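To start, the structure under review is shown below, and the notes come after it.
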Amino acid sequence: MTELRHDWTRREILDVFGLPFADLIFQAQAVHRRHWDPNSVQLSTLLSIKTGGCAEDCKYCAQSAAYETGLQASRLMDGVDVRRAARKARDSGASRFCMGAAWRELKDRDLDAVTGLVRDVKALGLETCMTLGMLTDAQARALKVAGLDYYNHNIDTSPEFYGQVITTRTYADRLKTLDAVRAAGMKVCAGGIIGMGESRDDRAGMLETLANLEPHPESVPINMLVPIPGTPLGSVEPLEPLELARTIAVARVLMPLSYVRLSAGRKSLSDEAQALCYLAGANSIFYGDMLLTADNPDVAADRALFDRLGLKAAAGGA
Ligand code: SAM
Ligand code: DTB
Ligand code: SF4
């Protein structure tokens, strides 16, 4: 029986981070193999159901209205188009469909439309996930009633670094929405972004917040910054892939039963770097040619890499 801990200190986490690479990967593999099929990876497909024009100032984001990124803002997508995209994702092998909206928070006037989308996607036999910004308790309950399986809401970084990345909402706001999601009985998807110029201490701090949530988030996306020209983080020095593999390995050690998702930023990774991330315990990816606004490896490239590594898509679906 693995003891699930929720009392990790920053020092302990930094010590895991700083292990010799082989020792860290060995530890992550040991944890991973106790709980998961090491050759199986869960596939989630993303769709931006409402793009751009967002009121928040997240310094990494293509969709903030605060920056000139050349992105065309759009209204909430029609159900017919969402269903078409979800069917295509299912037929390509995804088990979960994640719908994202560039909103600061969900407005009650949009609640019927988004719960309708949840029902539609669920009816196709897919697991459902949404990321719509901040939620009230009542909105979270309504999404749960509609059948939403996961809600994604990232804490993005450490409490200390957060203020350098976003000023229009607080870390406490993020945690409050995560509480609402949990209280409504949905699965929590919460992670963050690395490669924004933060220190390793900040990366440890982000994992400390996540690992000390009780229970752990069921899904932990680790995004590598996709630099977006026009945003304040558009020309940050890229983080080395080995540090991404380390971050994934530490997440795996801290949160043994959670899906750890190798998320945004795969397009810039070599096949070898991705293989290291799978070895470090990543067991979920975004699958499909697009993230929300940025490119992702195409389906053919992922299938070819899975074949070479002997990986298979995890069976799933709702
Ligand atoms: N507006 C909602 C929110 O922020 O909660 C949902 C959509 S938002 C685009 C979802 C997450 O994507 C963000 O919290 C952030 O962690 C991640 N993200 C956004 N832009 C990114 C980028 N350029 N590179 C890496 N991750 C990014
Ligand atoms: C998450 O952690 N990463 C996804 C999803 N949750 C919504 C979003 C990644 C966005 C990458 C940049 C873009 O496509 O604009
Ligand atoms: Fe808006 Fe979400 Fe982008 Fe922040 S990350 S600007 S909240 S869409």
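FYI, it's all coordinate maths here, none of it is from the lab. Note that this is a predicted model, so its numbers are computed, not measured. Counting neighbours? That spans all protein chains shown, and the Cβs are built from the backbone with ideal geometry, glycine included.
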Radius ratio Rg over Rh of the stretch 1-140, counting only Cα atoms, Kirkwood formula for Rh: 1.08
Could you work out the local net charge near Thr45, counting Lys and Arg as +1, Asp and Glu as -1, over the other residues with Cβ closer than 9 Å to its Cβ? +3
Of the residues Leu242, His216, Ala204, the Cα lying farthest along the dipole of the stretch 200-250 towards its positive end, which is defined by charges on the beta carbon of Lys, Arg, Asp and Glu, belongs to Leu242
List the lysines whose Cα lies under 26 Å from the Cα of Lys88, skipping any in the same chain that are fewer than 8 positions away. Lys50, Lys122, Lys144, Lys187, Lys267, Lys312
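Normalised radius of gyration for the stretch 144-268, please: alpha carbon Rg relative to 2.2 N^0.38 Å, two decimal places.
Compared with the compact-globule rule of thumb, the stretch 144-268 sits at 1.04.
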Extreme residue, positive dipole direction of the stretch 41-144, given options Cys61, Thr45, Leu126 (C-beta unit charges): Leu126
Highest-first arrangement of 43-53, 19-29, where packing means the average Cβ count within 10 Å: 43-53, 19-29
Starting from the Cα-Cα distance between Lys176 and Arg75, subtract it from 0.36 nm times their residue separation and give me the gain in nm to one decimal. 33.7 nm
Charges only on Cβ, +1 for Lys and Arg, -1 for Asp and Glu: so what's the dipole of the chain about the Cα centre, in debye to the nearest 20? 880
In whole Å and largest first, what semi-axes does the C-alpha gyration tensor of the chain yield when each eigenvalue is scaled by 5 and square-rooted? 27, 22, 20
In deg cm²/dmol, rounded to the nearest 500, the helical mean residue ellipticity at 222 nm of the chain, built from -39500 (n - 2.57) for every DSSP H run of length 4 or more, is -12000 deg cm²/dmol
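Can you tell me the order of 278-284, 54-60 when each peptide is scored by its average per-residue count of other Cβ atoms within 10 angstrom, highest first? Walk me through the numbers on the way to the answer.
Working: 278-284: 24.3, 54-60: 19.7.
Going by the mean number of other Cβ atoms within 10 Å, highest first, we get 278-284, 54-60.
Hey, can you rank 153-163, 230-240 by average C-beta count inside 10 Å, highest first?
Descending mean neighbour count gives 153-163, 230-240.
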Within-9-Å neighbourhood charge of Arg203 [Cβ basis; K, R +1; D, E -1]: -2
Residues with beta-carbon under 11 Å from that of Leu148, excluding Leu148: net charge, scoring Lys, Arg +1 and Asp, Glu -1? +3
Tell me which DSSP H helices of the chain clear both cut-offs, 24 Å or more of axial length from alpha-carbon atoms and a mean Kyte-Doolittle hydropathy of at least 0.5. none
Loop-only trypsin sites (Lys or Arg not before Pro) in the stretch 208-292, please: DSSP not H, G, I, E or B, and at most 16 other Cβ atoms within 10 Å. none
